[in-house]
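Trainee: Before I ask anything, here is the structure I am working with.
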Amino acid sequence: EMAGRIIKSFATPGSSARGLAFDGRYLWNCDDVSDLIYQLDLNGKTIKSFATPGSSARGLAVDGKYLWICDSATDLIYQIDLNGKTIKSFAAPSTSSGSLAFDGKYLWICDNSADLIYQLDLNGKTIKSFATPGSNARGLAFDGKYLWIDDITANRIYQIDLNGKTIKSFTAPSTSSMGLAFDGKYLWLCDDSSNLIYQLDI
């Protein structure tokens, strides 16, 4: 199975990695213990870090100019600049909202207790929702056409279309994945138990 092959891995900057995003050059990773957001190069070197707007960051996405963060303590989604200043926030569609992705126009967020993925506009209005392919989704990324979702109960990574249909899936490299990002060619995954970020062949 070539899909899911680990190309490389390096340590997460914190001890409880949650969300992961890619901005075209750097990775962004948030941590639930330090309550920091880290900007990392693709070898894991921390460029900078700053405080998350909430106290329990879960999902992370980048829209080209701003970061979006979902926080499970406040049940809010925050839009922040790349220095940590909050631009705006709105209520998440559910109380177990976790992973975030941005598709160029809309935000996608998954709820790991209702097992739903929501499509939201940038003011928080739900466009649609559908069931996740597994029962405990934790990571979400957009590859330009499809969503990628990581499920820690099934221990699988799924590629799904924007209506929830599974295109393909493969075994995840770790058992406690908490964030996914796509860099144009590879998937990146952060894991909470090994405290590693993996680069994966898809």
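Trainee: For residues that are part of a loop (DSSP other than H, G, I, E, B) and of a type outside the set (S, T, N, Q), scanning just the stretch 28-42, find the one that is surrounded by the most Cβ atoms within 10 Å (Cβ to Cβ). Give the derivation first.
Mentor: Narrowing the stretch 28-42 to residues part of a loop (DSSP other than H, G, I, E, B): 32-35, 41-42.
Okay, now just the ones that are also of a type outside the set (S, T, N, Q), so 32-33, 35, 41-42.
On the way: ASP32: 22, VAL33: 10, ASP35: 18, ASP41: 12, LEU42: 16.
So, considering only residues that are part of a loop (DSSP other than H, G, I, E, B) and of a type outside the set (S, T, N, Q), the one surrounded by the most Cβ atoms within 10 Å (Cβ to Cβ) is ASP32.
Trainee: So, in the stretch 135-190, of the ones that are among the aliphatic types (A, V, I, L, M) and closer than 20 Å to LYS105 by Cα, which residue ends up most open to solvent (accessible area, probe 1.4 Å)? Give the derivation first.
Mentor: Just the residues of the stretch 135-190 that are among the aliphatic types (A, V, I, L, M), to begin with: 137, 140-141, 147, 149, 152, 154, 157, 160, 162, 167, 172, 178, 180-181, 187, 189.
In the following step, the residues that additionally are closer than 20 Å to LYS105 by Cα were identified as 140-141, 147, 149, 160, 162, 180-181.
On the way: LEU140: 3, ALA141: 5, LEU147: 0, ILE149: 2, ILE160: 0, LEU162: 52, LEU180: 3, ALA181: 3 Å².
Result: LEU162.
Trainee: Identify all residues within the stretch 43-78 that are open to solvent by 20 Å² or more (accessible area, probe 1.4 Å) and among the polar types (S, T, N, Q); write none if there are none.
Mentor: ASN43, THR46, SER49, SER55, SER72, THR74
Trainee: Moving to a separate point now. Evaluate the following for GLY84: is it of a type outside the set (Val, Ile, Thr) and surrounded by fewer than 19 Cβ atoms within 10 Å (Cβ to Cβ)?
Mentor: Numbers: of a type outside the set (Val, Ile, Thr): yes; surrounded by fewer than 19 Cβ atoms within 10 Å (Cβ to Cβ): yes.
Taking the combined requirement at face value, the residue satisfies it.
Let's see how each residue does on (1) free of Cβ contacts under 8 Å to residues at least 40 places away in the same chain; (2) assigned to a strand (DSSP E or B); (3) farther than 16 Å from PRO13 by Cα:
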| position | (1), (2), (3) |
| --- | --- |
| TYR158 | yes, yes, yes |
| LYS168 | no, yes, yes |
| SER193 | yes, no, no |
| GLN199 | no, yes, no |
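Trainee: Which of (1) assigned to a loop (DSSP other than H, G, I, E, B); (2) modelled with pLDDT under 95 is the odd one out, the single condition ARG58 does not satisfy?
Mentor: (1)
Trainee: Something else now. Find the strands (runs of 3 or more DSSP E) located wholly in the stretch 61-111 whose residues include 3 or more that are of a type outside the set (A, V, I, L, M), and list them.
Mentor: Hits in the stretch 61-111: 67-71, 86-91, 97-102, 107-111.
Trainee: Within the stretch 7-21, which residues are part of a strand (DSSP E or B) and modelled with pLDDT of 95 or more?
Mentor: Scanning the stretch 7-21 gives ILE7, LYS8, SER9, PHE10, ALA11, LEU20, ALA21.
Trainee: Now for a different question. Could you please find all residues in the stretch 31-55 being closer than 23 Å to ILE149 by Cα and either touching an Asp or Glu at 6+ places or on another chain (Cβ under 9 Å) or at pLDDT below 95 (or both)?
Mentor: ASP31, ASP32, ILE37, TYR38, GLN39, LEU42
The values are calculated or read from the model by the stated rules, or taken from the named source; none is laboratory data. Note that the coordinates shown come from a computational prediction; the quantities given were computed from them, not determined experimentally. Cβ sites come from the backbone with ideal geometry, for glycine too, and all protein chains shown count toward neighbours. Areas reflect the complete protein model, heavy atoms only, side chains present, ligands, DNA and RNA absent. Shrake-Rupley method; radii C 1.70, N 1.55, O 1.52, S 1.80 Å.
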